[in-house]
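See structure below.
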Amino acid sequence: MLSSSNQSRTEHPVSSSLQAAMNIIPFLAVALSLFYWMPIIWLKYLTLHDYVFDLGVFYGSLHSIFYTHSGTVLYQYAAGSTLRIILSPLSMLNSFIILLYIQLVLVLGSAITVYLISRRIFRNPIGPVLMSVAYPLYFPVNGSIFFDVHAQTFFLPFMLLAYYLEISGRYKLSFAFFILAGLTRFPIIGIVVLYSMADFIYSFRTGYHSQDRTLMRTRMRFDMALFMAAFIITVLQYYSNTYVLGISSMGNIHYVAGSSFLGGSLGTDLITVLIFSAPLLLLPLYYSEFSLILWALFAFSFYTNYSGYLYPSVFTDQYSALFVPLIFISVFAGLAARKDRDYGQSRAKILQWKDDARLRTAIKIFVAIAVFAVLFQPYSPLATHTDGSFNIANYTAAGPVSEPQLQQVIDLMPASATGIAFGGDMPEVMVHSPNVNGTLVSDTINGYPLSWTPQYLAATDSIQYISGLPTDLGIAPAVNGYNQYQLTQNAMESGAFGIVAEYHGAYLLERGYHGSSELFSPLHYSTVSYRQMFPLNSSEVLDGGLEISNASNVTVIPSTSFLFYPGMYSLQLNLSSVSLNGSAVFQIRLSASDVSGNIVLASPQISNGQNLVTVNFTLDNFYVNSEVFITGMNFQGSVMLQSMSIQEMEV
């Protein structure tokens, strides 16, 4: 908060044209940041590299609130995340990307709020520009916009805006935004309670010695009203969550159960504090009363056993949004509390910075943030070598299926479907069928009893559809439950499900379905060259092919694994220089994860002079990490093996 001498915005004695040009710089910084991030966010979503399950849950909750709006649903979100009720009309747009962009614009657009706050603090017009440009360079801002959409991310722009409105004397709007920031997700409202207490002390300290204490009294009354409102909301939400809904009071903030002090390593805790505060010269840790709130958040991150609050995850996930506004508010309040005599009495000319300690601090902060940005900003070439790297190139690379293709598969299900088991990166299901039981998401099925057997799936109709992506099938087997791969395998083995779609890797199983796939575009398998093969029990010559001579029960293993869906396949072996004494019969076998032994696919024969071997085989289930190998080769003579190719055919 600003002292009474700083209540009115400081006038800067510069020409109007120069001031107008400087006013554009913060907007230009926001525009450049958006220009960088918008295509990245779009590509992450389009290529399904975004961890979009959280986005799906968030958007699904908006849809459920707006279209169902039952008393139970409204009460649940009023107690846990009131912001979702306010944002629920956005579900009419039925667009994930719009919500991603709204979050992006609000977070990056807070650079304008930082500029407006700074204009009320700095006497020199350069200071506000430096602080506003430093904000998007401050790398903890990026984690909250890179990792999906989350309610707590909105705390960042709302909290900064509420602070600006307060120091501008617009108390009613400020009050509303402070409450809105606290209602993003329980128990974040507790931060607003702590803020009102710290601000009360700050107002008294900075205003007590002023001749006119009117502003001090106004601010203190504002803080008391904010404290009462936020405290009452905290008690009501705590009671509702704990005693009515039966939800852990701290579970909403994440994974506290079983924690102990210094839940992470001491080194990790200290690095977390250092990297958050060092770009701002460590000032947030001691500069004002609001530093105490920041230390309370750090204490919580030390206590919890959840890595999301600690380095490096806190800088690549959404949880940094809880720290960033308090870091900047602490610095702003500390700067504003310094008395004018500490800064010299000279007029605030643009180039006259030696006698302006506030401006010198802003310059140092800007330089420090820029230096850290070289190491941690996603667009820095050095960022890829740090533990906080976003790996943007990996997250935007095209995969086998895109979001529009996945949507076509999901649209085959009726919107009223509720019994759906699907992977954790398919939020489209949550919106397409808003009444779906979220507990059927297979990523969270680990806690279920071992009842998802083929016999169980055949006998019950609780699951009507099973859908997923290739990435869902690559999840390691669970110890005490089933993952998507095991569940899907058991569903096919039960005989109760048929394949409705296999489309660029996205698949849909339906109970009782019989017939050809309504959508079919199989996965593409790369040709395995002889350089990717090695034989056992025989000498070989790698010179234009894999030469196998006078074989005695030889096995050739391609060093490539495959993901197979149920269906008919054609396998081709390309040969050359086949010179045999008689003919040779061998076997093609398949081994896969969760399959004991191996499966005989075909037993073809090679004749003298033959250059191509084609065999067809049918698989009745899903197989991941599969290896197709050639074994039992017995012949006199020589065969030059060139390559192996596999293609799934439409039935």
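Rule-based calculations on the coordinates, nothing more; no lab input. In this text the structure is predicted, and so the values were computed from the model without any measurement. Here the Cβ is made from the backbone with ideal geometry for all residues, glycine too, and neighbour counts use every protein chain on show.
So which trypsin sites (Lys or Arg not before Pro) in the stretch 159-256 are both in a DSSP loop and have at most 15 other Cβ atoms within 10 Å of their Cβ? The qualifying sites are Arg170, Arg213.
Rounded to the nearest 0.05, what FRET efficiency do Asp620 and Ser645 have when you use their Cβ-Cβ distance and R0 = 25 Å?
Values: r = 22 Å, r/R0 = 0.89.
For Asp620 and Ser645, the calculated efficiency is 0.65.
Both numbers refer to the Cα atoms of the stretch 41-145; Rg and Dmax are 17.7, 54 Å.
When the inverse distances between all different Cα atoms of the chain are averaged and flipped, the Kirkwood radius reads 28.5 angstrom. The Rg/Rh ratio for the stretch 528-649, using Cα coordinates for both the radius of gyration and the Kirkwood hydrodynamic radius, is 0.96.
What are the GluC sites (Glu not before Pro) within the stretch 575-651 that DSSP puts in a loop, where the Cβ has at most 14 other Cβ atoms within 10 Å? Write down the numbers at each step before the final one.
Values: sites: Glu627, Glu648, Glu650; in loops: Glu650.
Listed in order of number, the matching sites are Glu650.
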